[in-house]
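Enquirer: Mind having a look at this structure? Questions to follow.
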Amino acid sequence: MKLCIITQVEPSRHAGGGKAQYFLSQEWTKQGHLVKLIGADQLVIELKGKDSPNTRLSKSECITRFIAENGSKYDIIDVDHGLLPQTPLYLPNTLIVARSVLFEAHRLQIRPPQNIKLRTRIKYAWTSCFSSRNKTPQESLKHLAQRLSHTDLLNLTSELDIESATELGVPPAKICRFPYALDQKTIEKLASTQAPSPSAFPQLVFLGTFDYRKGCLDLAKCFRKLRILHPTLSLNLIGAKGLHQTEKQIRAFFNKEENEHLKVQMTFSPESIQELLAGQHAALFPSYYEGFPFSVQETLAAGIPTIAYDTPGAHDLLPKKWLVEAGNIDDMCTKLNQLITASDTSERMNAQSIVQQYNWNTISQNTLKCYETHLTQKKLLVKN
């Protein structure tokens, strides 16, 4: 099979947005398939290099042009759904798959907090993709549904994504769902992460960028409430750099006493994650908008029980006892308190057993079988 994968961000084994496609391309290549993996920005550079300096094309126009000119060379084109062509393309022997890393329909239902400065709201909207080019949510959803109708198949990661897609009018027969996974080396390395000692002060960890989409306001409130019960509780923020670019900006969300028990790691190397997660009693993940979060899988692989909002990704990944309704800080604090005070280690084993269910070899093979089936059906329909 010849496959072309087009990602929203530069594909990398370390970057969240392009990590899934990177590992899929690696597996498909091992299985003997020919795979072209390219980020949208690189594709734009390549196309513009072929044109005269005066030619101006938007990213969307570049993607549409690339698929129109090169689509017939491939059996499968797997493209991030945010990059879909604006108009339908006739490719009778090529399956066009829209892949969702973060399903756009969910973010259109969320708005940034009102009690932050205008400059921050604008930056927040831009960096978190919460703005929709001056469209209302209803207009944006209609536009999304139109773009999805131009594809042969929609690849989602969550049951909640499927519900939203069907509400947009995507036929269930055109939807498939495949989760994401950690690579086996990462799972094996994190499995030996040091557990907290019985006499250690309690520690909570949040792995991810400290921004509003990830629930940073709720995170700060939760830490404040839990410290009433556990005055020695500390919070570790790992990989916090995102919307807020400096540690000072992040620490401004916490009072003086809380800052004394707060550790902020703005960035980190993948090689250091095991050390950074060592000794943590529990993890919290109050994110409102996710795909199939790698950060939750990493805390689980390290044996850290994780409490998360019941939103896409976490909904499919975590047991119900570790999920709380989005925005319910009291419930999250109650469940975190139970983990902090637990004396047995069974929950750590439960956490690690979850990630063992997912591996890229199986996911890649099942995904390609699904693609092949839909491609065969498409060719038969065209032939008839």
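Enquirer: Over all distinct alpha-carbon pairs, what is the Kirkwood Rh of segment 184-355 in angstrom?
Expert: On the way: mean 1/r = 0.0633 Å⁻¹.
Averaging 1/r across every pair of different Cα atoms and inverting gives 15.8 Å.
Enquirer: Let me ask you something else. Running a GNM on the chain with Cα contacts under 10 Å, which residue among A252, A40, A20 ends up with the highest mean-square fluctuation?
Expert: Per the Cα network of the chain with a 10 Å cutoff, A252 tops the list.
Enquirer: In a shell of Cβ-Cβ distance under 14 Å around F292, excluding F292 itself, what net charge do Lys and Arg (+1) and Asp and Glu (-1) give?
Expert: Working: positive: K19, R99, R177; negative: E159, D161, E290, E298, D316.
Neighbour charge sum, excluding F292 itself: -2.
Enquirer: For segment 79-92, take each phi angle, set θ = phi - 60°, evaluate the Karplus expression 6.51 cos²θ - 1.76 cosθ + 1.60, and give the result in whole Hz per residue in order, putting x for glycine and proline.
Expert: Karplus values, whole Hz, x for Gly and Pro: 10, 4, 5, x, 10, 4, x, 6, 10, x, 10, 8, 9, x.
Enquirer: Right, here's the next one. Once the other residues with Cβ under 14 Å from the Cβ of D316 are scored (Lys, Arg +1; Asp, Glu -1), what is the net sum?
Expert: -3
Read-outs: derived from the displayed coordinates by stated rules, not from any lab. Since we're looking at a predicted model, the values are computed, not measured. For neighbour counting, all protein chains shown are included, and Cβ atoms are generated from backbone atoms with ideal geometry for every residue, glycine included.
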